[in-house]
Amino acid sequence: MFQRCGFADADSELEGSDYVVVGLPFDGTASFRSGSRDGPDAIRLASFNFESYDSYYDVDLRELSICDLGNMDLGADPAYAEETIKDGIALLPRAVVPIFLGGEHSIAPAIVEALALRNRPEGLAVLVLDAHLDLREEYGCTRYSHACASRRILEKEGVNAYASIGIRSGCKEEYSFAKEGGVSYFTAREVRDKGIDHMLDRALVCLGKRPLYLSIDLDVLDPAFAPAVGNPEPFGLTSWDVKRVIECVAPRAVGLDINELTPAYDRGETALLAARLAREFMAAKAGTGRPV
């Protein structure tokens, strides 16, 4: 099920690790740019660019127990991929914090379902950073599309709260669905006008005190910061905005995914940012005594 390769400083075995990196190289429902199946290994390669020591948190990633299990073999069928992801997560020790490298955003609902089951009876609160609402019932003749990711997350048993930040795109029906269903989302314009701290505080009120899962679709970032994504959308968040979210939520997060990197569309800049965000997450969670 897993094929071994390596994220920088991920030198531990699974048993006893604090963090586990898992690649989910699936892009079977890509609707604009394909190639996110190459994202996990591009992020791994980029991860070797960075120092292991994070001075802000006073954390050295070499001193953390990090395991990289490699990539899951997800095939080409989205239904098969979903079941494989859930089966794989069921094999992980309960104490380990997983970091999933995508792959397109359609990987997220299966992760959420599996982690919600692991976190019974509390369930999960889910925070999504995304340019798109992803609330379609179906897209491209499938309910498993990346364009349906948040709709599917909302349907999962054990998801007790949901919010998304960075929204600036969706069809009219999606906005209607969000309004009628009371789906909490905060736009990129609101982040620009009122600041990321203010909008994140509002999102966290919606999410409550439950265990939290963070899903980062890299297209939440403006293409100036992350050009190599499947569906780039101008007028997005900055890299500092996303860093700030991680700083604030990592201490309570039970997992993270970073998705939609299509590495062929730049010269590695987006992969570098994705790798840095993954490392930021581990450092922020390990350095929980650091004020944010």
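Bear in mind these aren't lab numbers, they're just calculated from the coordinates by the rules spelled out. Nothing here was measured: the structure is a model prediction, and the numbers come from that model. FYI the Cβ positions are ideal-geometry reconstructions off the backbone, even for glycines, and counts take in every protein chain you see.
See the values below:
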{"item": "Stokes-Einstein D for the range 167-282, Kirkwood Rh over Cα pairs, 37 °C, 0.692 mPa s (µm²/s)", "result": "219"}
{"item": "Note, ³J(HN,Hα) from phi for the range 150-160, Karplus 6.51, -1.76, 1.60, rounded to Hz, x at Gly and Pro", "result": "6, 4, 5, 4, 4, 7, 6, 4, x, 7, 9"}
{"item": "Gyration tensor (Cα) of the range 129-180, equivalent ellipsoid semi-axes in angstrom", "result": "15, 15, 10"}
{"item": "With at most 11 other Cβ atoms within 10 Å, longest stretch of the chain clear of loop chymotrypsin sites (Phe, Trp or Tyr not before Pro) (DSSP)", "result": "49-292"}
{"item": "Estimated [θ] at 222 nm from DSSP helical runs (n ≥ 4, -39500 (n - 2.57)) normalised by residues in the chain, nearest 500", "result": "-10000 deg cm²/dmol"}
{"item": "Globularity ratio of the chain, using Cα Rg and 2.2 N^0.38 Å", "result": "0.90"}
